Amino acid sequence: MSEIHIGGFRRLQGRIPVQGSKNGVLPMMAASILSDETTVITNVPAIQDVFCMMGILKFMGCSCTLKDGELTLCPAGLDRTDLPEEYVRQMRSSIVLLGAVLGRCGRGSTCYPGGCSIGKRPIDFHLQALRSLGAEIREDGCCVQARAGRLAGGTIRLPYPSVGATENALLAAALADGDTVILGAAREPEIEELCRFINAMGGEVSGGGTGRIRIRGKKKLHGCRFQAPGDRIVAGTYLMAAMAGRGEVELAGVRPEHLKEVIRTLERAGAVFDISETAVTVSMAGRPLPLQVETGPYPGFPTDLQSPVMGLLCCASGVSRIRETVFEGRYETAAELEKLGASVTVREGEALVRGRPVLRGGRAGARDLRGGAALVVAGLAAEGETEIYDCFHIERGYEDICRDLRLAGADIRWQRQEAKEKEN
Ligand code: EPZ
């Protein structure tokens, strides 16, 4: 297993190119099976979740190759409509394949995706959306069987702007017979990009990025070539890392308009920004100011940056309050941050972070993807060596967080356990 070791505080200075968007690419990979023609997606990060989705598509008969950020998907050989349990358990976002395979083949089956430590993560909105398009859904406690001769366009009303349920609805509606309207749709940039992607395949989608999306079902879609956007959550993580390192760091390959609320929040913590079309530079001197942060669906403060901002606020010059409103179990990292000398109290659905003048290096474990990133942020501000274990969580979404932060001068490296074992 791999660990991350951080030597301690260093003023960060430099330029970091940001990887392609994990949460943008995964639904595009699912959408690729809506056609039997080859699709190429560029700016694809080499991360575990992408490899996992490639594994599922190969299991279903597609061929996939990823080389230098270019992902070639050939779905002509698709010959299965059941999603492999071992992968679905690993990665919840595989569930959006159900809408795609239902749209393409008229049937599909899957086990329930694993929840994880951030919350239960049910799929009731997904199934309700597919039923609105005429799918017959049978659930038998652990598996879901979906069937539909051909899906019929209809009106889908989402009770909550669920990202995944919006994606599933989009993928099922793209080949349905007739028009579909999704009301209460998620407005995340990843949804807008997915709508653009489906249009690049010959689809007819409008309203992506708004709460009301219209899809005109097509009989057939074709392959396409598409560039994935930069990962706004990785970018936000690195902005916070730069602030913990009290330096000046430029992030390239991001769209500042996708980071508006994050930038506004970090400005309130004392950061200064210089923004261009495709880059964001953040400067920070001294400790961050304390904040009141509440997460919410886009364009609110992203839940995926709640743990990293908690990691940053552990060294703020006062008491911060963080309220997580999207996932009910996303405070697990608080206990790990306390191993680095932080003071975080979770009470009545809110985290109270008492900023410390100095954090101390220590040994802590990543509990989930963004919680692991939060430990990196805190470790960069700490005095003394920090060791982070269970970094497989981090590798699901960050191509190489050590490589990237070293570009800004961080004293951070991978400690590959297998390499160490070999030495012994
Ligand atoms: C996507 O997850 C992202 N994952 C998450 O990023 C992100 O945190 C989340 O959207 C919110 O922005 C991918 O895109 C692969 P939701 P998703 O459906 O689609 C409840 C990361 O770190 N809900 O918008 O699963 C759900 O339990 C990951 O990159 C239902 O109750 O999120 C949660 O409380 C973590 N029933 C809320 O809605 C449903 O059928 C939001 O979930 C679906 C969701």
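The values are calculated or read from the model by the stated rules, or taken from the named source; none is laboratory data. As the structure is a prediction and not an experimental result, all values here were calculated from the model. FYI the Cβ positions are ideal-geometry reconstructions off the backbone, even for glycines, and counts take in every protein chain you see. Note: areas computed on protein heavy atoms with side chains; ligands, DNA, RNA excluded. Shrake-Rupley method; radii C 1.70, N 1.55, O 1.52, S 1.80 Å.
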Next item on the list: Take the stretch 259-282 and flag every residue that is within 29 Å of A185 (Cα to Cα), open to solvent by 10 Å² or more (accessible area, probe 1.4 Å) and polar (S, T, N, Q).
Entry: T278
Note to self: Of the residues E336, E328, E332, only one is among the charged types (D, E, K, R), in contact with a Lys or Arg (Cβ under 8 Å, 6 or more places away or on another chain) and open to solvent by less than 10 Å² (accessible area, probe 1.4 Å); which?
What the structure shows: E336
Next item on the list: Report the residue count in the stretch 104-148 for those that are within 14 Å of M91 (Cα to Cα) and either of a type in the set (V, I, T) or without any contact (Cβ under 8 Å) to a residue 24 or more places away in the chain (or both).
Entry: 5
Notebook entry, point to check: L175 is checked against (1) touching a Gly at 6+ places or on another chain (Cβ under 6 Å); (2) surrounded by fewer than 20 Cβ atoms within 10 Å (Cβ to Cβ); (3) in a loop (DSSP other than H, G, I, E, B) and fails just one. What number does that condition carry?
Noted result: (2)
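Among the residues of the stretch 283-300, what is the count of those that are without any contact (Cβ under 8 Å) to a residue 60 or more places away in the chain, open to solvent by 50 Å² or more (accessible area, probe 1.4 Å) and within 24 Å of the chain's Cα centre (by Cα)?
Selection size over the stretch 283-300: 2.
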Next item on the list: Could you please find all residues in the stretch 35-51 being without any contact (Cβ under 8 Å) to a residue 60 or more places away in the chain and hydrophobic (A, V, I, L, M, F, W, C)?
Entry: V50, F51
Checklist line | Residues located in the stretch 299-352, provided they are away from the ligand (no atom under 16 Å from the Cβ) and either closer than 21 Å to P122 by Cβ or of a type in the set (G, A, S) (or both) | finding: A316, S317, G318, S320, A334, A335, G341, A342, S343, A351
Margin query: With the condition being within 14 Å of the ligand (Cβ to nearest atom) and exposed (fewer than 15 other Cβ atoms within 10 Å of the Cβ), I'd like the helices (runs of 4 or more DSSP H) fully within the stretch 78-169 carrying at least 1 qualifying residues.
Written below: 124-132
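Name the single residue, out of those in the stretch 178-205 being in a loop (DSSP other than H, G, I, E, B) and under 17 Å from S132 (Cβ atoms), that is nearest to the ligand (Cβ to nearest atom).
Filtering first and then ranking leaves A186.
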Check: If only one of R403, R416, R396, R370 is buried (at least 23 other Cβ atoms within 10 Å of the Cβ) and closer than 22 Å to I47 by Cα, which one is it?
Finding: R370
Next item on the list: Could you tell me which numbered condition V326 fails, if it satisfies all but one of (1) in a helix (DSSP H, G or I); (2) in contact with a helix residue (DSSP H, G or I) (Cβ under 7 Å, 6 or more places away or on another chain)?
Entry: (1)
Note to self: Suppose we filter the stretch 55-73 for residues that are open to solvent by less than 40 Å² (accessible area, probe 1.4 Å) and more than 22 Å from the chain's Cα centre (by Cα); how many remain?
What the structure shows: 3
Margin query: Please verify whether A186 is touching a Gly at 6+ places or on another chain (Cβ under 6 Å) and surrounded by 18 or more Cβ atoms within 10 Å (Cβ to Cβ), treating the condition exactly as stated.
Written below: no
Next item on the list: Of the conditions (1) open to solvent by less than 50 Å² (accessible area, probe 1.4 Å); (2) more than 16 Å from the ligand (Cβ to nearest atom); (3) part of a strand (DSSP E or B), I41 clears all except one; give me its number.
Entry: (2)
